[in-house]
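Working notes, beginning with the structure itself.
The values are calculated or read from the model by the stated rules, or taken from the named source; none is laboratory data. These numbers come from a predicted model, not from an experiment. Because the Cβ atoms are built from the backbone with ideal geometry, glycine has one as well, and the counts that use them run over all protein chains shown. These accessible areas exclude ligands, DNA and RNA; they are computed on the full protein's heavy atoms, side chains included. Shrake-Rupley method; radii C 1.70, N 1.55, O 1.52, S 1.80 Å.
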Amino acid sequence: MSKEPVAVVGIGQTRHVAARRDVSLAGLVREAARRALRDAELTWADIDAVVIGKAPDFFEGVMMPELYLADALGAVGKPMLRVHTAGSVGGSTALVAANLVAARVHGTVLTLAFEKQSESNAMWGLSLPIPFQQPLLAGAGGFFAPHIRAYMRRSGAPETVGALVAYKDRRNALKNPYAHLHEHDITLDKVMASPMLWDPIRYSETCPSSDGACAMILTDRAGAARAPRSPAWMLGGAMRSEPTLFAGKDFVSPRAGQDCAADVYRQAGITDPRREIDGAEIYVPFSWYEPMWLENLGFAGEGEGWKLTEAGVTELDGDLPVNMSGGVLSTNPIGASGMIRFAEAALQVRGQAGEHQVDGARRVLGHAYGGGSQFFSMWLVGDRPPDS
């Protein structure tokens, strides 16, 4: 029996900011969920199941929060599933929900991811104490900086590339009312003059700490037929993982990321992603990961990703726009960051991305990664069902 086609009929986000002190965790997730329901013109009674995801519980210090959030999400008496795959969890959560629809287990599923970083300290939460880690770094940036240096050595990329990515994404964020950072006075010179945090990563080349949530309503073909507006259709979706450390691991271009992208392209019938995909929302917490992931995802050959960035190909009006919403560099509620990439891809093919809409976007990739470049989740969405 073939899979049931999966449609995205509702999308909701909170306004992402440094601190949402006006709401609890329950209020935060309910805000995003209600916006998704309103977009789909559905009620809580129309939802068959809820799939929720977030980053590690110790970030906020609330263990298994999904248990107490069930009421806020209309999930009392309904199946509710928690997903966790580190930073990629937002994408993985969406894919678990999509698979429940594709397998005809449920007809309509609410999927949601969130983080309230103002009630945590993620940087020090990610800095493991001796003897579990050498005292040579702090936060995720300290872990990833050497891998960026390795990419620069291998590719010969000039040191200005990271600043170009950050400048682009922060300008894109100005067109996105939900984005956390709205730096109206941003210039390339300001990015390049910002303090060095983890060589070669500068302050303006890093993601912020955000409070926020993102929700989507996924449904089957029958549900899509009742939707008030054209949905986005999942053309392919996949997850892959690999250990944090193993002999021969390539931190610059992990095998799990390559395999995940290849599986998504195979499902969607994509043979030339550079030409057949109209845009990509890629998980880029540090600016240099744009060219690195362009290569990992097959948009550029080895050592060639930075040239696409430098040539303006990834600009909003370029041949392959990347992070049209401003990306993780502008908004980072960790647990939701991957789902925001997936949701923003869906908004593009629905033609609902507002000022950061790519004209004629028909196929857009959503991408997330997490851990030590070890967890990957991706989907490709289109404006037509996969069998059309």
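One line per residue, one yes/no per condition, for (1) surrounded by 15 or more Cβ atoms within 10 Å (Cβ to Cβ); (2) in contact (Cβ under 8 Å) with a residue 40 or more places away in the chain; (3) more than 30 Å from ASP46 (Cβ to Cβ):
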residue	(1), (2), (3)
THR187	no, no, yes
LEU197	yes, yes, yes
GLY223	yes, yes, no
TRP233	yes, yes, no
PRO243	no, yes, yes
PHE246	no, no, yes
VAL252	yes, yes, yes
ALA261	yes, yes, yes
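Helices (runs of 4 or more DSSP H) fully within segment 273-388 that include at least 3 residues being modelled with pLDDT under 95 and touching a Lys or Arg at 6+ places or on another chain (Cβ under 9 Å): none found. The residues of segment 162-184 that are more than 18 Å from the chain's Cα centre (by Cα) and of a type in the set (Ser, Thr, Tyr) amount to a single one, TYR167. Being open to solvent by less than 10 Å² (accessible area, probe 1.4 Å), touching a residue at least 60 places away in the same chain (Cβ under 8 Å), touching a His at 6+ places or on another chain (Cβ under 7 Å) and among the hydrophobic types (A, V, I, L, M, F, W, C) holds for only one residue in MET324, MET339, and it is MET324. Candidates GLY366, GLY371: the one that is on the phi > 0 side of the Ramachandran plot and either buried (at least 24 other Cβ atoms within 10 Å of the Cβ) or within 15 Å of the chain's Cα centre (by Cα) (or both) is GLY371. The set of residues in segment 149-184 that are basic (Lys, Arg) and open to solvent by 30 Å² or more (accessible area, probe 1.4 Å) comprises ARG149, ARG153, ARG154, ARG171, LYS175. Check segment 154-168 and report whether any residue there is acidic (Asp, Glu) and under 25 Å from GLU281 (Cβ atoms). No, there is no match, as no residue in segment 154-168 is acidic (Asp, Glu) and under 25 Å from GLU281 (Cβ atoms). Among the residues of segment 129-144, those identified as surrounded by 12 or more Cβ atoms within 10 Å (Cβ to Cβ) and either assigned to a loop (DSSP other than H, G, I, E, B) or modelled with pLDDT of 95 or more (or both) are GLN133, LEU137, ALA138. For beta carbons closer than 6 Å, sequence separation of 6+ or different chains, a first residue in segment 92-120 that is in contact (Cβ under 8 Å) with a residue 60 or more places away in the chain and of a type in the set (Val, Ile, Thr) and a second that is open to solvent by 10 Å² or more (accessible area, probe 1.4 Å) and in a strand (DSSP E or B), the qualifying pairs are THR93/VAL83.
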